[in-house]
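To keep things clear, I will list the structure first and then write my remarks on it.
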Amino acid sequence: MEATTATTVFVYGTLKRGFPNHPRLAASGSPFAGAASTAAPVSLVIGPYSVPFLIPAPTPSAGRLVSGELFSASPSALADLDLLEGTHLGVYERRRITVLVDGTSREIEAEAYFANASYAEDLWRRCGGEAAEIGEYTMEHAARYVPPSGRSPGVSGLMDAVRGFLATTPPDK
């Protein structure tokens with residue numbers, strides 16, 4: 001029998017412990033592997049339905065160190081996460097990221113779900129660019145989160161909401 005290799009996944013939003021989508025991660029048997037933060041600045045913004053989107057820093061001055069959690073995902077758990085994150089629909093893409101394990105100086109490679117490159121920078125701009133970046137998705141953000149069951153019908157509900165959001169003009173501040 002072939003051994004299965006677990007993948008370390010960095011989660012920064014609704015999949016964290018105590019957050020709305022964590023039960024799905026817990027049900028997959030993916031053990032918590034520690035708290036961590038990104039080793040280099042990335043952009044984390046809140047999009048439609050209070051969904052967090054991680055984006056490679058679009059400009060040299062953009063980005064923050066983002067805090068999150070590490071989990072060890074089996075190949076089947078990773079496939080389930082890919083489905084949840086809509087990688088097949090172009091919502092997110094799973095990419096390698098270097099993270100710093102909290103309380104240590106140890107950097108490790110993990111995988112994280114980033115906003116798909118086809119719209120990531122436009123989303124960052126539409127959210128407000130650097131002014132909209134956050135370093136942590138909090139319970140306050142999660143309180144406004146709309147789960148898939150409360151969104152537009154169909155699996156493309158989030159992607160439709162992103163497209164609609166990008167087509168609107170930001171409110172004056």
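The values are calculated or read from the model by the stated rules, or taken from the named source; none is laboratory data. Just so it is clear, the structure is predicted and the values come from calculations on it, not from any experiment. When we count neighbours, we look across all protein chains shown, and the Cβ atoms used for this are built from the backbone with ideal geometry, even at glycine. These area figures cover heavy atoms from the full protein model, side chains too; ligands, DNA and RNA do not enter into them. Shrake-Rupley method; radii C 1.70, N 1.55, O 1.52, S 1.80 Å.
The table for this structure:
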quantity: Subset of the range 116-153 that is in a loop (DSSP other than H, G, I, E, B) and open to solvent by 60 Å² or more (accessible area, probe 1.4 Å) - its residue that is nearest to Arg96 (Cα to Cα); calculated: Ala117
quantity: Strands (runs of 3 or more DSSP E) completely within the range 1-70 that count 1 or more residues being without any contact (Cβ under 8 Å) to a residue 40 or more places away in the chain and surrounded by 18 or more Cβ atoms within 10 Å (Cβ to Cβ); calculated: 32-38
quantity: Selection count, the range 77-102, where residues are of a type in the set (Gly, Ala, Ser) and touching a residue at least 60 places away in the same chain (Cβ under 8 Å); calculated: 2
quantity: Any hit, the range 102-112, residues being in contact with a strand residue (DSSP E or B) (Cβ under 7 Å, 6 or more places away or on another chain), open to solvent by less than 50 Å² (accessible area, probe 1.4 Å) and within 25 Å of Ser152 (Cα to Cα); calculated: no
quantity: Filtered residues of the range 71-92 (kept if among the hydrophobic types (A, V, I, L, M, F, W, C), farther than 19 Å from Ser28 by Cα and in a helix (DSSP H, G or I)); calculated: Leu89
